[in-house]
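*Asks:* Here it is, the structure in full.
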Amino acid sequence: MTSATTHTTCPYCGVGCGVNAQVSAEGTLSVAGDADHPSNRGSLCSKGTALADTVGLSDRLLHPMIDGVRADWNTALDRVANGFAETIARHGPDAVAFYVSGQLLTEDYYIANKLMKGYIGSANIDTNSRLCMSSAVAGHKRALGEDAVPGCYADLETADLVVLVGSNMAWCHPVVYQRIVAAQQANPNKKLVVIDPRRTATADGADLHLPVAPGADVALFNGLLAHLAQAGFATELPGGAEAIAAAGQGGDIAAVADAAGVPAADLATFFEWFAATERTVTVFSQGVNQSSAGTDKVNAIINCHLLTERIGKPGACPFSITGQPNAMGGREVGGLASTLAAHMGFDRADTVQRFWDSPAIAGTPGLKAVELFEAIATGQIKAVWIMATNPLVSLPDADSARAALAQCPLVVVSDVMRHTDTADYANVLLPAAAWAEKSGTVTNSERMISRQRSFLPMPGQARADWQIICDVAARMGHGNAFAYDGPAAIFREHAGLTAFENTGERVLDLGGFAAISDADYDRLVPTRWPVPAREPLRAAGAMPARQNVDQLFIDGVYPTDDGRAHLVPVTPRGPTNDTTADYPLALNTGRIRDHWHTMTRTAKSERLAAHIPEPFVEIHPQDAAARAIVDGGLATIITAWGTATLRVIVTDRQRPGSLFAPMHWNDQFASSARIGAAANPAVCPISGEPEFKHTPAAIAPFAPAWHGFIYAARPLRLRAAAGIDWWTKVPGTRFVRHEIAGTATLEDIAAAARRWLGVAGRDVDWLEAADPATGTYRAAHVDAGHLEAAVFIAPEPARLPARRWLAGLFTGQPMAEAERAAVLAGRPPDESADTGPQVCSCFGVGRQTIRRAIENDGLDSVEAIGRALDAGTNCGSCKPEIAELLAEKT
Ligand SMILES: Nc1nc2c(c(=O)[nH]1)N[C@H]1C(S)=C(S)[C@@H](COP(=O)(O)OP(=O)(O)OC[C@H]3O[C@@H](n4cnc5c(=O)[nH]c(N)nc54)[C@H](O)[C@@H]3O)O[C@H]1N2
Ligand SMILES: Nc1nc2c(c(=O)[nH]1)N[C@H]1C(S)=C(S)[C@@H](COP(=O)(O)OP(=O)(O)OC[C@H]3O[C@@H](n4cnc5c(=O)[nH]c(N)nc54)[C@H](O)[C@@H]3O)O[C@H]1N2
Ligand code: SF4
Ligand SMILES: [Mo]
């Protein structure tokens, strides 16, 4: 028996997929895509599909903690409220700060912003969206007057040309990517261009890939602007003539190609396609935003759309795709230190204060994320409350941020997990309700407001984020202004503020929701803003969004002073911190398909962790050869800010001179993989967004005496284990795999192995084989015939046994004699038992299985592999990789 279906929203990326959740009588959760949600129409990607794996309570934070000791709510809330109040009394409101997140719900976010800006009276509230979307926000404001994304996902389907700039959409926004792929199948003339220094899974599926030199996007799009002007496009818009003049001469494709680092013929093709295609959408993401020239990159792109009048029309617009589930909602309430509230700046302080009837109002912008942590380091900020973000992993120069928190008098962290790199530095740790337990709204990349609805009870003493903030506000003397009986009441107030004294000059207008009843809020169907009061509310169930809000700016009127859109003259410039002789490589960082940020949730899923199990660095063969760095080995990245030691992938998908490392791994999962510690803290001077895609770096081989791995029933505390110099944990349901490397001798290993496996001094069934001649060591702990734990050591990674075969032996059932012998020999009895690293996480299909099917069964298409092995037939996120395996053969 299952409960009624709850219609909610995926807590990961900005696609904002609708999710149907059902809990069985036994408490088992199942999730499926919501076919009625207009953004995903029933699809989910690998991460959404695996949501049920991630709601378990292991390592959840279930009660408040003060200085590492369990506390009750009253004591914890008093400590926070008194700590903030005393700091404000002694040092003024700007001595405190909130650092919040695009993963808060709109209601949480609204309350945090209201407390800081209206009641504490400081604008020192910034969000991790500073690291993510702030360049897009600043670029939108310069060009359009307001931070509003003009189009919607349907425009990506209608467009005849989709240009993805600095976006690995196949991995980071998979459901929108699949919508584009499906539209392309229906419209063979539709073209997809990918502009990214790396050949990503997204680039594999493109009609044209331009491997732009890191940071050279302004040069490329200025070249396009000049080319378009020469081709006869003209504009009367303000800034038009200046922008074209700044772009220089477009005729010289060779010069632009040289500056952008791409083949001239390919660049010419792109320019021709762009010039000729009326229905063009240019999507941009972190390869654009996360740059010391981020805002200029955004405007270089928007300029091309304004010159060609490709905005405010179906199938034609610049499109900033957002990262987090509620990056947009956060921008709407004003969670950035550089805006006030509801898309109003500090020039509207009177309006906002009148609406709140608040005792104070922030009059000037507050500190932006990177500055905010610098201000903590200098002691200017003495109390900080971090909510739903893990800055000691995700900030650039993260070790400096860690040092700052270590000496900050009051660090409050609201999180769902007991242990994160940041939570470990909290004086007060507050247990927040997690996705399955929370209620509120989120806004996705296409301005679609959707409900997140709870379907599990709050565990332990967890509370909703908005509730925690209101509890603190009440203790600071603001009880009346923070007395809400639920998220609906907060949403009404937020909607009211967007409409307050808004006679049409602000596009963000949710006035139609300002009086929404609790019942209508409960039933709210996904709705794209604006929702002005003068438009009647759509009845529940009436899904298609109103045509007039699919595209903003249809009438050509913009919320700028002169009512017109502006082109912004921009000129290319190099990164703030460029490569040098000591740091000759450009380190790029970003995401992988199956992990979400700092892994606090996705690492709970064995199938997600299996896709790319270890932290890695990608390097071009030339750069690797020059440094004796080998594929499958380890290497240490060294920058002016920090280091990380990672598994090496040598690949020509990387440009010579560039490195790529994922942002996900941190001190909970690896000994030295927190790449944020090595990342460049330079920021865009306009937006304050850090340059995560370009850190000058050196790299050297890390050559341990041996490599190995340990399978154990529980995570091991390898920090303490002598002789292991490098480790990373790969979570599993029945076991945890620990990849290790070290310098201890074989004798030392033999002496330590029982301790590593947690059976020192115990009389257990212990299989052991040490071979000094080959430098290999194998040992296993067997209990009542079944495999409990095992360790394998070899001088080279390639000589270690297949991981998935061994993982398959942890069944809890006694092993057959042949299996015991195989464990000791370190070789599967039958080679086909090795399925290889996981490609399809929905059906658990490995790379070797797919390769063998291609070889032996003559399968020649993604569809044929799907029919034979199921791989790729559920969420489809792995289709690009299956295509890549097929391409290996040709
Ligand atoms: N699987 C997964 N999906 C996610 C997330 C996740 O953690 N995991 N996070 C979500 C969030 S918050 C965000 S912000 C989005 C981010 O989504 P994306 O922006 O698509 O992801 P990234 O991997 O950060 O970076 C995109 C690409 O920018 C390229 N790039 C680097 N430098 C340059 C450059 O100078 N010019 C150009 N044109 N490209 C460059 C990189 O090589 C990279 O492939 O993903 C969201 N979706
Ligand atoms: N090197 C490098 N660094 C980057 C980037 C990059 O490309 N490269 N990208 C940047 C970008 S775009 C982003 S968006 C950031 C993301 O970076 P973060 O925001 O730091 O990463 P998350 O792991 O998403 O952190 C969310 C935290 O909130 C907790 N949490 C989850 N749900 C809730 C909830 O409902 N309430 C509360 N209170 N807590 C909750 C989680 O357990 C987790 O600790 O990283 C940035 N950092
Ligand atoms: S694309 Fe995937 S991660 Fe993004 S919202 Fe949809 S299911 Fe969630
Ligand atoms: Mo992001």
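The values are calculated or read from the model by the stated rules, or taken from the named source; none is laboratory data. Predicted, not measured: the structure shown is a model, and the values here were computed from it. Cβ atoms come from the backbone with ideal geometry, glycine included; neighbour counts cover every protein chain shown. Protein only, heavy atoms only, side chains kept; ligands, DNA and RNA dropped before computing areas. Shrake-Rupley method; radii C 1.70, N 1.55, O 1.52, S 1.80 Å.
*Asks:* Considering only segment 182-198, I want to know if a residue exists there that is within 16 Å of ligand 2 (Cβ to nearest atom) and more than 27 Å from ASN874 (Cβ to Cβ). If you could, list the steps in order and put the result at the bottom.
*Replies:* Filtering segment 182-198 for residues within 16 Å of ligand 2 (Cβ to nearest atom) gives 196-198.
Remaining after also requiring more than 27 Å from ASN874 (Cβ to Cβ): 197.
There is at least one residue in segment 182-198 that is within 16 Å of ligand 2 (Cβ to nearest atom) and more than 27 Å from ASN874 (Cβ to Cβ).
*Asks:* Which residue, of VAL31, VAL69, is among the β-branched types (Val, Ile, Thr), free of Cβ contacts under 8 Å to residues at least 60 places away in the same chain and within 30 Å of TYR177 (Cβ to Cβ)?
*Replies:* Working: VAL69 fails: within 30 Å of TYR177 (Cβ to Cβ).
Within the list VAL31, VAL69, the selection yields VAL31.
*Asks:* So if I check each of PRO359, PRO318, PRO365, which one is closer than 17 Å to ASP147 by Cβ, surrounded by fewer than 23 Cβ atoms within 10 Å (Cβ to Cβ) and at pLDDT 95 or above? Show your work before the answer.
*Replies:* Numbers: PRO359 fails: closer than 17 Å to ASP147 by Cβ; PRO318 fails: surrounded by fewer than 23 Cβ atoms within 10 Å (Cβ to Cβ).
It is PRO365.
*Asks:* Which numbered condition trips up THR158, out of (1) of a type in the set (S, T, N, Q); (2) closer than 26 Å to VAL557 by Cβ; (3) within 16 Å of ligand 4 (Cβ to nearest atom)?
*Replies:* Answer for THR158: the failing condition is (3).
Condition check ((1) assigned to a helix (DSSP H, G or I); (2) modelled with pLDDT under 95; (3) open to solvent by 10 Å² or more (accessible area, probe 1.4 Å)) across all residues:
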residue: ASP266; (1), (2), (3): yes, no, yes
residue: PHE270; (1), (2), (3): yes, no, no
residue: TRP273; (1), (2), (3): yes, no, yes
residue: THR282; (1), (2), (3): no, no, no
residue: SER292; (1), (2), (3): no, no, no
residue: ASP296; (1), (2), (3): yes, no, yes
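*Asks:* State all residues of segment 806-855 that are β-branched (Val, Ile, Thr), under 30 Å from the mean Cα position of the chain (by Cα) and at pLDDT below 85; if no residue qualifies, say none.
*Replies:* THR835
*Asks:* A further question on this structure: Among the residues of segment 242-252, which ones are in contact with a helix residue (DSSP H, G or I) (Cβ under 6 Å, 6 or more places away or on another chain), at pLDDT 95 or above and open to solvent by 10 Å² or more (accessible area, probe 1.4 Å)?
*Replies:* Result: ILE244, ALA247.
*Asks:* Give the residue, chosen from ALA712, ALA703, ALA722, that is out of contact with any helix residue (DSSP H, G or I) (no Cβ under 6 Å at 6 or more places or on another chain), over 28 Å from ASN680 (Cα atoms), open to solvent by 20 Å² or more (accessible area, probe 1.4 Å) and not basic (Lys, Arg). Please lay out each step first, then the result.
*Replies:* On the way: ALA712 fails: open to solvent by 20 Å² or more (accessible area, probe 1.4 Å); ALA703 fails: over 28 Å from ASN680 (Cα atoms).
Every option except ALA722 fails the conditions.
*Asks:* Here is a list: THR87, THR106, THR75. Which entry is closer than 13 Å to LEU430 by Cβ and hydroxyl-bearing (Ser, Thr, Tyr)? Please lay out each step first, then the result.
*Replies:* On the way: THR87 fails: closer than 13 Å to LEU430 by Cβ; THR106 fails: closer than 13 Å to LEU430 by Cβ.
Exactly one residue qualifies, and that residue is THR75.
*Asks:* Examine segment 332-352 for a residue that is part of a loop (DSSP other than H, G, I, E, B), of a type in the set (Val, Ile, Thr), on the phi < 0 side of the Ramachandran plot and open to solvent by 10 Å² or more (accessible area, probe 1.4 Å), and state whether such a residue exists. Steps first, answer last, please.
*Replies:* Start the filter on segment 332-352 by keeping residues that are part of a loop (DSSP other than H, G, I, E, B), which leaves 334-340, 342-343, 345.
With the extra rule that they be of a type in the set (Val, Ile, Thr), the set shrinks to 339.
Subsequent filtering for residues that are on the phi < 0 side of the Ramachandran plot retains 339.
This time we only want the ones that are open to solvent by 10 Å² or more (accessible area, probe 1.4 Å), so: 339.
For segment 332-352, residues part of a loop (DSSP other than H, G, I, E, B), of a type in the set (Val, Ile, Thr), on the phi < 0 side of the Ramachandran plot and open to solvent by 10 Å² or more (accessible area, probe 1.4 Å): present.
*Asks:* I would also like to ask the following. Of the residues that sit in segment 712-755 and are charged (D, E, K, R) and in contact with a His (Cβ under 9 Å, 6 or more places away or on another chain), which one is nearest to ALA610 (Cα to Cα)?
*Replies:* Taking segment 712-755 as the starting set, the residues that turn out to be charged (D, E, K, R) are 714, 717, 719, 725, 729, 734, 737, 739, 747-748, 754-755.
Remaining after also requiring in contact with a His (Cβ under 9 Å, 6 or more places away or on another chain): 729, 739, 754.
Working: LYS729: 11, GLU739: 13, ARG754: 26 Å.
In this case the residue turns out to be LYS729.
*Asks:* Can I ask one more? Looking only at segment 43-98, which residues are more than 32 Å from the chain's Cα centre (by Cα) and β-branched (Val, Ile, Thr)?
*Replies:* Selection gives THR75, THR87, ILE88.
*Asks:* Continuing with the same structure: Is it the case that some residue within segment 301-311 is open to solvent by 10 Å² or more (accessible area, probe 1.4 Å), more than 16 Å from ligand 2 (Cβ to nearest atom) and touching a Phe, Trp or Tyr at 6+ places or on another chain (Cβ under 7 Å)? It would help to see each step written out before you state the result.
*Replies:* Applying the first criterion (open to solvent by 10 Å² or more (accessible area, probe 1.4 Å)) to segment 301-311 yields 309, 311.
After this cut, where a residue has to be more than 16 Å from ligand 2 (Cβ to nearest atom) as well, the list is 309, 311.
So of that shortlist, the ones also touching a Phe, Trp or Tyr at 6+ places or on another chain (Cβ under 7 Å) come out as 311.
Yes, some residue in segment 301-311 is open to solvent by 10 Å² or more (accessible area, probe 1.4 Å), more than 16 Å from ligand 2 (Cβ to nearest atom) and touching a Phe, Trp or Tyr at 6+ places or on another chain (Cβ under 7 Å).
*Asks:* Out of the residues in segment 80-109 that are assigned to a helix (DSSP H, G or I) and touching a Leu at 6+ places or on another chain (Cβ under 8 Å), state the one that is surrounded by the fewest Cβ atoms within 10 Å (Cβ to Cβ). Spell out the reasoning first.
*Replies:* Restricting attention to segment 80-109, the residues satisfying the condition of being assigned to a helix (DSSP H, G or I) are 80-91, 93-95, 106-109.
Next, only the ones that are touching a Leu at 6+ places or on another chain (Cβ under 8 Å) stay: 80, 83-84, 87.
Numbers: VAL80: 26, GLY83: 21, PHE84: 28, THR87: 19.
The qualifying residue surrounded by the fewest Cβ atoms within 10 Å (Cβ to Cβ) is THR87.
*Asks:* Would you mention how many residues in segment 95-128 are within 16 Å of ligand 1 (Cβ to nearest atom), hydroxyl-bearing (Ser, Thr, Tyr) and under 19 Å from LEU497 (Cβ atoms)?
*Replies:* Selection size over segment 95-128: 2.
*Asks:* Taking the condition of being open to solvent by 40 Å² or more (accessible area, probe 1.4 Å) and hydroxyl-bearing (Ser, Thr, Tyr), how many residues in segment 470-516 meet it?
*Replies:* The qualifying residues number 1.
*Asks:* Could you tell me whether segment 217-226 includes any residue that is polar (S, T, N, Q) and in contact with a strand residue (DSSP E or B) (Cβ under 7 Å, 6 or more places away or on another chain)?
*Replies:* Filtering segment 217-226 for residues polar (S, T, N, Q) gives 222.
From what's left, in contact with a strand residue (DSSP E or B) (Cβ under 7 Å, 6 or more places away or on another chain): none.
Checked against the condition, which is being polar (S, T, N, Q) and in contact with a strand residue (DSSP E or B) (Cβ under 7 Å, 6 or more places away or on another chain), segment 217-226 yields no hits at all.
*Asks:* Also, I was wondering about something else. Within segment 755-777, can you find the residues that are open to solvent by 70 Å² or more (accessible area, probe 1.4 Å) and touching a residue at least 12 places away in the same chain (Cβ under 8 Å)?
*Replies:* Start the filter on segment 755-777 by keeping residues that are open to solvent by 70 Å² or more (accessible area, probe 1.4 Å), which leaves 755, 761-763, 768, 772-773.
The answer is ARG755, GLU768, PRO772.
*Asks:* Also: Considering only segment 10-31, I want to know if a residue exists there that is away from ligand 4 (no atom under 16 Å from the Cβ), open to solvent by less than 30 Å² (accessible area, probe 1.4 Å) and assigned to a helix (DSSP H, G or I).
*Replies:* no
*Asks:* Looking at GLU739, GLU796, GLU747, GLU788, which is the one that is open to solvent by less than 40 Å² (accessible area, probe 1.4 Å) and among the acidic types (Asp, Glu)? First the steps, then the outcome.
*Replies:* Details: GLU796 fails: open to solvent by less than 40 Å² (accessible area, probe 1.4 Å); GLU747 fails: open to solvent by less than 40 Å² (accessible area, probe 1.4 Å); GLU788 fails: open to solvent by less than 40 Å² (accessible area, probe 1.4 Å).
After ruling out the rest, the residue left standing is GLU739.
*Asks:* Also, quick follow-up: If TYR99 satisfies every condition in (1) within 16 Å of ligand 2 (Cβ to nearest atom); (2) among the hydroxyl-bearing types (Ser, Thr, Tyr); (3) under 28 Å from PHE553 (Cβ atoms) but one, which is the exception?
*Replies:* (3)
*Asks:* If you take just the helices (runs of 4 or more DSSP H) that sit entirely in segment 112-223, which of them hold at least 1 residues that are open to solvent by less than 10 Å² (accessible area, probe 1.4 Å) and within 16 Å of ligand 3 (Cβ to nearest atom)?
*Replies:* Working: elements: 134-144, 153-158, 169-172, 174-186, 201-204.
Helices (runs of 4 or more DSSP H) meeting the threshold: 153-158, 169-172, 174-186, 201-204.
*Asks:* It is to be established whether one or more residues within segment 376-387 are in a helix (DSSP H, G or I) and touching a residue at least 60 places away in the same chain (Cβ under 8 Å). Spell out the reasoning first.
*Replies:* Kept after step one, since they are in a helix (DSSP H, G or I), are these residues of segment 376-387: 376-378.
Filter again for touching a residue at least 60 places away in the same chain (Cβ under 8 Å), leaving 376.
Yes, because at least one residue in segment 376-387 is in a helix (DSSP H, G or I) and touching a residue at least 60 places away in the same chain (Cβ under 8 Å).
*Asks:* Restricting the search to segment 21-44, which residues are closer than 26 Å to ASP155 by Cβ and either touching an Asp or Glu at 6+ places or on another chain (Cβ under 8 Å) or of a type in the set (D, E, K, R) (or both)?
*Replies:* Across segment 21-44, the qualifying residues are ASP34, ASP36, SER39, ASN40, ARG41, GLY42.
*Asks:* If I filter segment 32-78 down to residues being open to solvent by 50 Å² or more (accessible area, probe 1.4 Å) and part of a helix (DSSP H, G or I), which single residue comes out as nearest to ligand 4 (Cβ to nearest atom)?
*Replies:* Ranking the candidates gives ASP53 first.
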